Amino acid sequence: MNRTLLEVRGLRKSFGALLASDDVDLEVLEGETHAIIGPNGAGKTTLISQLAGNLFPDRGRVLFAGEDITALSAPARARRGFARSFQITSIYPDFTALENVMLAVQAHSGSSFRFWRPAREEPSLRSAASAILEEVGLGGRSGVLAANLAHGEQRALEIATALATRPRLLLLDEPVAGMGVEETQRMIALLSFLKGGKTLILVEHDMDAVFSLADRISVLVYGRIIATGAPEEIRANPEVRRAYLGEEVAA
Amino acid sequence: MNLFLVLEQALNGLQLGVMLFLMAAGLTLVFGIMNLVNLAHGSFYMVGAYLATYFYQATGSYLLGVSLGLAGTLAVGVAVELVALRTLYERPHLDQVLATFGLILFFNELAAILWGRAAIYTTLPDYLAGHVELFAGLRYPLYRLVIIAVGLAVAGLLWFVVARTRLGMLIRAGASNRAMVAALGVNVRLLYTLVFGFGAALAGLAGLMSGPIHVVQPGMGELILIEVFVVIVIGGIGSIRGALAGALIVGMADTLGRAFVRPMLATVLSRTAADTAGPALASMLIYLLMAIVLALKPQGLFPARA
Amino acid sequence: MNSRIRAIVPAAGLVLLAAVPLAAALLDQPFYLDLVRRIMIFAIAALSLNLILGYGGMISFGHAAYLGVGAYAVGVLAHYGINDGYLQWALAIGASALVALAIGAISIRTSGVYFIMITLAFTQMLYYLGISIEEYGGDDGMRLQVKSQFPGLIDLNDANAFYYLVLAILVLALFLGQRLVDSRFGMVIRAAKSNEVRTRSIGFSPYPYRLAAFVIAGAVCGLAGALLVNHTAYLTPEFMNWTRSGELMFMVILGGMESIAGPVLGAFALLLLEDALSGWTQHWQLVLGPLLVLSVLFLKRGLAGLVFAKNE
Amino acid sequence: MGNKTLSTVAIGIAAALLASGPALAQQKVKIGFITTLSGPQGVVGEYMRNSVELALDHLGRKMAGLDVEVIYGDDQVKPDVGKQVADEMLKKHQVDFVAGIIWSNVMLAVAPTVTDAGKFMIGTNAGPHELAGKQCNELFFTTSWQNDDTPEAMGKVMQDQGITDVYVMAPNYAAGKDMVNGFKRSYKGRIVDEVYTRLGQTDYQAELSQLRSKNPKAVFVFYPGGMGISFLRQYSEAGLRGQFPLYSVYTVDEISIPAVKHAALGQYETRYWSPDLKNPANQKYVSDYRRKYGKMPVFYGAQSYDGILLIDSAVRAVKGNLADKKGMIAAMRKADFASTRGKFSYNTNHFPIQNFYLLKAVTGPAGEDPVMEIQKTVFTNHRDSYAKECAMK
């Protein structure tokens, strides 16, 4: 029923002697929530940097909706509907929450080589951005400087920014990192709300989040995908348990 | 153009190159480790020249004067680091550029008050004056050979310190990961002060060596400073190897450009056109070179940080 | 109450600046007319620099280049007997924009210190070029025999008229600058400064926006150059000296980068300070230097930050 | 936000305007003296200002019974700053005379400003050909020389000595080319090569290697200020001093000699003035300058000293009636004062008609620096080459 939205074939990237991505193959289906997990140093960051276009592979291809995007820059991928959030919160601290989101809306609605009219007075940008802030639960905080938001709110703002680009695929890099229990719950609720409507790639350490959200999981160890499958399959996979899950589940 | 002349000009280029390297080494280290853009680096060049001249005249001994001049520049460098620059490490480059621009005005005026605005008298001891016959027909000033030797020796010493000693290990580590060095329990502040002081002393060394053949006057550091920035930008900021390569490239390009651009232009253009275009081109050559290098490699030839 | 201040203060400032010619005439002190006119010209240049430096985060250490290009455009045309102001000023703006396009196209590929240094290097090249062109006076420069002619519109030899023209251009630059930084384009420039990675990942390539801003800033500064050469009635490569670029940066920082009008304040502060200090002691740089260091260290938001409380 | 800061600025200006107020009209001779006082080039300005002060001392700080006030201005070697300072002097201090100016480019920007305002401009150094020729002005006088005079004198020296195969070097800027052109006007022998170096360059090793390879008979250079000091040191150090005789203009003077000492020995210069010129005015100037400032004076100073005396002669001639411009012009044209160069007269373009001498740097008295010594007179009552282009008669 589902088409492949993102396809990665034979991706390889090395830094000197270190092979950070070792013939990675990955398929993300339209509409699914696909988690990528792996122990520290497994090469997750390198992999997603190559997916998002912040880093270019030595070999291999990345296909997005059937198009080869291997050589495209991050902005070009973003314009094709590939959005991402960052492990370390990446927002505009000196803009208000609303302005943060409006910029992302602006990026996908017409030319930005417009010099005359104040952007903040464009009703279409405003209303679209307000609606998205509402959606992620920041409706009441739109006028606050992003720097003054709480950590959890900043994470939500970042997701709002990504959503505002009307993406076909949303890559979330550790969305609950550094959050307290309550904030984590709120974020999981938000992501559950998004799930289904959007294709999500979730890179996460928090196993509660992964297992409650993911449709499928890929396990990355030493730069290789050692298993891909539904959560139960992954839980049962002996190789995964040995290499990675075992320790944490046991503990 | 005969072969000897080209050889002699190459020696001249080498000599200018090592001089630039002495300046560039400190500047590039300070940037690589402390992330500080220091426009006032030229001021240490000036301080070195003034202090060495002062101590040489006061003591009557050239070697003593040079040693005291070096030590004095080191002390001034450390003092400047402690008083003014330390607070700038975490600030944006813009603030650094402007604050150190302010320091230039201060040092130039201070030198003018202490020693007057006129150039002061400096000279060489007899044993450094005179010439060496390198080949039949190629006489070269002894002092310039000494500068080349000292410069290459310092480059070798720097390589040894950076590549082979614990201090060098810290410097290399500091350039790539400050937090890690701090976590190792190293007194980072002290390390910074030391690096800055020695960088200043190297600039002072360049200044005091140039004193007797150039001119010791307020503002002498700025003329060379911009060229030194060209050097480290071409080489890749933060890289000692890049500084050496950049210095030699700029030294050679500038010298050979001054010597041969006009005669070469004259072979294709009219005499008068060459007379106009030659000097203009020669004086723009190193900037042109830098623009080309950066257009091709925006991080310079040897980027310090991948 | 901040908003009320923000409504009243610009109007009051404008009225006071507009009153300078009258006050100068009443007090029989025409010198102040010249002084304020010169400062306003530098304020326009500093304001243009602030577009890329303060809002765009591009630390150009070579902005004086466009001051020079603008001045040379006027001076060179006048040298060949073409005194038509429209043509001269159009060339000043066009030529500076072109030069900025060339310099920017290469420089903006670099970042950080490399950007600072490559912009400095390009300006040094232009400076040496200016010195070498004998036809236009070389290092000596040359006198602008006839000021730019705007028949039927304005006579620049009339000190008051020229003053009001500069004031009008300054006010226009402030107004347009404010529109620009608030526009879609301005938001992208500011976003790229604030967080480049984020900006790229929402789909903006900063390069074309930065380049456009660089060209706009160059063009405005070129106009300031055209004004400056008419003000001094003298053309000299000194306009492109690297210390001049440093002074422009100081005006921006001293005044404050967070507002469009900050650099104007900075221009007034720096040039008045220079004037006062140099009248007081020949060692004025000994005082000015540390003052500048202190202002960088302690006036993080510039003078504008001192005068007005943080607005959000 | 908007132009919120604008107003603060304007308030400041208004306050400044009110505070200063109009200068009270006093019966005083006001002279604005513009030179370079800050930065590396400030050294020349220092000699000029000292000499102005010495002249005032000698005049008892009065001219025709009126008090004299001199306001000093710093042009920072920038033409636009110089013009700004001149405007300030004319409009704020309302001076009667502007004097000084080291640099041709500053002079070309300042002189029209002053003369257009109907005030006197007394140049005490820069003598660009524009002001000697087409742009000459009845209110402009200079106590120095026209830029071309000095190299013309040196060209004549070398021509008369029958020197051929001269190697010529100068910095690559307008004055450098002017000097070489002046030289070539009177030197007609063969020129081996003409080399222009970067302005402000301090290392000449590459050029000196080229020079040696061309094996000329003599070398003519123009390297003012710090460039000259570097050049002379490196010329000696490269061992060329004994090989190729060096002739220069504006390269060796009493400012550079203390910095190069023996490296200057044997150097030839041409000049209209020298400390050893035997006339009472000069002997008094030199000895009083040395007593007051502890240094040898330099021609920049002598010209400035003369500039003040020239103004004094005019003010005395009109008995302090500063409104009598015609009277003062007439008085100045007579050059009726005790000049440090001895008696001279003014040409129609208000540039001096004066002698030029060949000077040589020779060993000074024991324990002292080398001194410039007059060898012979090169030009007697020399007129500059541009006066014929000047419309004044």
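The values are calculated or read from the model by the stated rules, or taken from the named source; none is laboratory data. Computed from a predicted structure; not experimentally measured. Reconstructed Cβ throughout: ideal geometry from the backbone, glycine too, with neighbour counts over all protein chains shown. SASA here: full protein model, heavy atoms, side chains in, ligands and nucleic acids out. Shrake-Rupley method; radii C 1.70, N 1.55, O 1.52, S 1.80 Å.
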Q) Restricting attention to the stretch A:43-75, which residues are touching a Gly at 6+ places or on another chain (Cβ under 7 Å) and of a type in the set (Gly, Ala, Ser)? A) A:43, A:60, A:73, A:74
Q. When the residues of the stretch C:230-242 are filtered to those that are crowded, with 24+ Cβ neighbours inside 10 Å and out of contact with any Phe, Trp or Tyr (no Cβ under 8 Å at 6 or more places or on another chain), which remaining residue is modelled with the highest pLDDT?
A. C:239
**Q.** Total residues in the stretch D:325-353, condition open to solvent by 50 Å² or more (accessible area, probe 1.4 Å), within 25 Å of residue D:29 (Cα to Cα) and part of a loop (DSSP other than H, G, I, E, B)
**A.** 2
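Return the residues of the stretch A:45-100 that are among the charged types (D, E, K, R) and open to solvent by 20 Å² or more (accessible area, probe 1.4 Å); say none if nothing qualifies.
Kept after step one, since they are among the charged types (D, E, K, R), are these residues of the stretch A:45-100: A:58-59, A:61, A:67-68, A:77, A:79-80, A:84, A:94, A:99.
Correct list: A:58, A:59, A:61, A:67, A:68, A:79, A:80, A:94, A:99.
Scan the strands (runs of 3 or more DSSP E) fully inside the stretch D:150-254 and keep the ones with 3 or more residues being within 14 Å of chain C (Cβ to nearest Cβ). Can you show your working first?
Details: elements: D:166-171, D:191-197, D:218-222, D:246-249.
Here the list reads D:191-197.
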Q: May I ask you to list the residues in the stretch D:83-120 that are closer than 20 Å to residue C:157 by Cβ, more than 8 Å from chain C (Cβ to nearest Cβ) and either small (Gly, Ala, Ser) or in contact with a helix residue (DSSP H, G or I) (Cβ under 8 Å, 6 or more places away or on another chain) (or both)?
A: D:86, D:110, D:111, D:114, D:117, D:118, D:119
Q) Across the stretch C:84-122, what is the total count of residues that are at the interface with chain B (Cβ under 9 Å from one of its Cβ atoms) and either among the polar types (S, T, N, Q) or in contact with an Asp or Glu (Cβ under 7 Å, 6 or more places away or on another chain) (or both)? A) 3
Q | Subset of the stretch A:1-26 that is among the acidic types (Asp, Glu) and either without any contact (Cβ under 8 Å) to a residue 40 or more places away in the chain or surrounded by fewer than 16 Cβ atoms within 10 Å (Cβ to Cβ) (or both) - its residue that is nearest to residue A:69 (Cα to Cα) | A | A:25
Q.
Of the residues C:104, C:62, only one is buried (at least 22 other Cβ atoms within 10 Å of the Cβ), outside any helix (DSSP H, G or I) and at negative phi; which?
A. C:62
Q) What residue, among those in the stretch C:185-207 that are more than 7 Å from chain A (Cβ to nearest Cβ) and either of a type in the set (Asp, Glu) or more than 19 Å from residue A:52 (Cα to Cα) (or both), is surrounded by the fewest Cβ atoms within 10 Å (Cβ to Cβ)? A) C:196
Q. Does any residue in the stretch C:286-305 that is at the interface with chain B (Cβ under 7 Å from one of its Cβ atoms) come within less than 9 Å, Cβ to Cβ, of a residue that is among the hydroxyl-bearing types (Ser, Thr, Tyr) and buried (at least 17 other Cβ atoms within 10 Å of the Cβ) six or more places away or on a different chain, and which pairs are these?
A. C:288/C:278; C:293/B:100
Q. Yes or no: residue C:224 in a helix (DSSP H, G or I), under 17 Å from residue C:45 (Cβ atoms) and away from chain B (no Cβ under 14 Å)?
A. yes
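With respect to residue B:136, is the statement that it is away from chain C (no Cβ under 14 Å) and open to solvent by 50 Å² or more (accessible area, probe 1.4 Å) true?
Working: away from chain C (no Cβ under 14 Å): yes; open to solvent by 50 Å² or more (accessible area, probe 1.4 Å): yes.
Criteria met by residue B:136.
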Q.
Would you confirm, using the coordinates I've provided, whether residue B:144 is among the charged types (D, E, K, R), open to solvent by 60 Å² or more (accessible area, probe 1.4 Å) and away from chain C (no Cβ under 14 Å)?
A. no
Q) Is it the case that the stretch C:39-50 has a residue that's more than 24 Å from residue C:207 (Cα to Cα), more than 11 Å from chain D (Cβ to nearest Cβ) and more than 16 Å from the chain's Cα centre (by Cα)? A) no
Q) If only one of D:252, D:192, D:221 is crowded, with 22+ Cβ neighbours inside 10 Å, touching a Phe, Trp or Tyr at 6+ places or on another chain (Cβ under 7 Å) and at pLDDT 90 or above, which one is it? A) D:221
**Q.** Every residue from the stretch D:263-285 that is over 14 Å from residue D:343 (Cα atoms), in contact with a Ser or Thr (Cβ under 8 Å, 6 or more places away or on another chain) and in contact (Cβ under 8 Å) with a residue 40 or more places away in the chain
**A.** D:264, D:265, D:267, D:268, D:269, D:270, D:271, D:285
**Q.** Breaking point among (1) within 15 Å of residue C:184 (Cβ to Cβ); (2) in contact (Cβ under 8 Å) with a residue 24 or more places away in the chain, for residue A:96
**A.** (1)
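Considering only the stretch A:168-186, state which residues are surrounded by fewer than 22 Cβ atoms within 10 Å (Cβ to Cβ) and within 14 Å of chain C (Cβ to nearest Cβ). Lay out the reasoning, then the answer.
Quick first cut of the stretch A:168-186, residues surrounded by fewer than 22 Cβ atoms within 10 Å (Cβ to Cβ) only: A:168, A:174, A:177-186.
A:168, the sole residue that qualifies.
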